[in-house]
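The values are calculated or read from the model by the stated rules, or taken from the named source; none is laboratory data. What you see is a predicted model, and the numbers here were worked out from it, not measured in a lab. We place every Cβ from the backbone using ideal geometry, glycine too, and count neighbours over all the protein chains shown. To get the accessible areas, we keep the full protein, side chains included, count just its heavy atoms, and leave off ligands, DNA and RNA. Shrake-Rupley method; radii C 1.70, N 1.55, O 1.52, S 1.80 Å.
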Amino acid sequence: MTEADRGFGLVLQTDPPASQVVSLMKRAERNGFRCGWTFDSAVLWQEPFVIYSQILANTQKLHVGPMVTNPGTRTWEVTASTFATLNDMYGNRTVCGIGRGDSAMRVAGRAPNTLARLGDAIDVIRDLAEGREALVDGNPIRIPWIKDGKLPVWMAAYGPKALALAGQKADGFILQLADPFLTEWMVKAVRQAAAGAGRDPDAITICVAAPAYVGDDLAHARDQCRWFGGMVGNHVADLVSRYGEHSGMVPDELTAYIKDRHGYDYSHHGRAGNTSTDFVPDEIVDRFCLLGPLEAHIDKLRALRHLGVDQFALYAMHDAREATIDAYGSHVIPAVNG
């Protein structure tokens, strides 16, 4: 596990101007962050891989990647070649976060990818990006110019089948919420699946991704981060549709809060003030996010670290991005990593 794997990351949307995204990532690195993540949804935001090149050129050690891409909006050899090109230019400083696809697929009128397709893509993208031969649409191909390429692939998951797939195939597991109870439940499921597949469960990097907002005005912080419960709710709604309510397959602590959910407007996806997230109660915002004074952040992060979390990736889609990055750099990161 590298220094970038164990530490803190910053997650941004690639809203124009791209120069501001680059500037915030530079600020994050100065404050001790080791990963720079972005959303990847071609219709809603600017193309992240173009911006990654600028982030890498303007930082020294920061690793970059999507949180998350998917196997449906780009062909797999293009994804692999793009990562490999960045690695060749900047020295193996990328990580591929991947999932079934939510906004990227649905905004374009497509359904999210199947888990079977996602599992195949994880293997193919990693193999191609690291210079090995892989089958693409039944054809064996290899990218000949790749030398000493390295691409860890981290998978986002919530439901039991997806958690099992992450344990069986992925180098890392991305859990997009910071609730200790659910973190413990899901990390256990991933590691059990890894052991069942003959893998070392402790070799899988565990990443918790959630909004962080530092300050004493808890009501304002909740309103700035309530969008996150709506974003997670899209995935939870899929789980309820697949497994039913109170099925025992997925904890009620994850699914119960979407009972009053009615549709979702992706034009406000991941943004403070999203009116599609009015159904999200304060309790969920508090459980899923990192809110309040500095000590509250430190205490919760230490508890999550005790549960096996390696990286904390902080969403910063709110009105205090710079202040939160700086507060983490000066107080939270030293306290949690120390």
Note down the relative contact order for the chain as a percent, whole number, built from C-alpha pairs under 8 angstrom at least six residues apart. 18 percent
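Would you mind getting the accessible area per residue of the chain, heavy atoms of the protein chains only, 1.4 Å probe, in Å²?
Result: 40 Å² of accessible area for each residue.
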For the chain, what is the mean residue ellipticity at 222 nm derived from helices alone (per DSSP H run of n ≥ 4: -39500 (n - 2.57); sum divided by total residues; nearest 500 deg cm²/dmol)? -12500 deg cm²/dmol
If one builds a Gaussian network model of the chain from Cα atoms under 10 Å apart, the most fluctuating residue listed among L163, L291, L44 is L44
Tell me the net charge near S41. Cut-off is 15 Å between Cβ atoms, S41 excluded, with +1 for each Lys or Arg and -1 for each Asp or Glu. 0
With a 1.4 angstrom probe the carbon and sulfur portion of accessible area for the chain, in percent, totals 50 percent
With every protein chain kept in the model, how would you rank H220, H262 by accessible area, 1.4 Å probe, largest at the top? H262, H220
Pairs of alpha carbons in the chain whose separation is greater than 34 Å (percent): 17 percent
By the mean-Cβ-within-10 Å protection proxy, highest first, 108-114, 318-324 rank as 318-324, 108-114
Quick check: convex hull over the Cα atoms of the range 30-124, volume per residue in Å³, rounded to an integer? 96 Å³
Length gained when the stretch W145-S241 is fully extended (0.36 nm per residue, less Cα-Cα span): 30.1 nm
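Just subtract the alpha-carbon distance of S267 and L218 from 0.36 nm times their residue separation and send over the number in nm, one decimal.
Working it through step by step, the gained length comes to 15.0 nm.
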Between A104, A296, A316, find the one with the highest GNM mean-square fluctuation for the chain; connect C-alpha pairs within less than 10 Å. A296
Pairs of lysine in the chain with Cα under 20 Å and at least 8 positions apart or on different chains: total? 7
In nm, spacing of pseudo-spin labels at K188 and R27 (7 Å Cα→C-beta vector): 4.0 nm
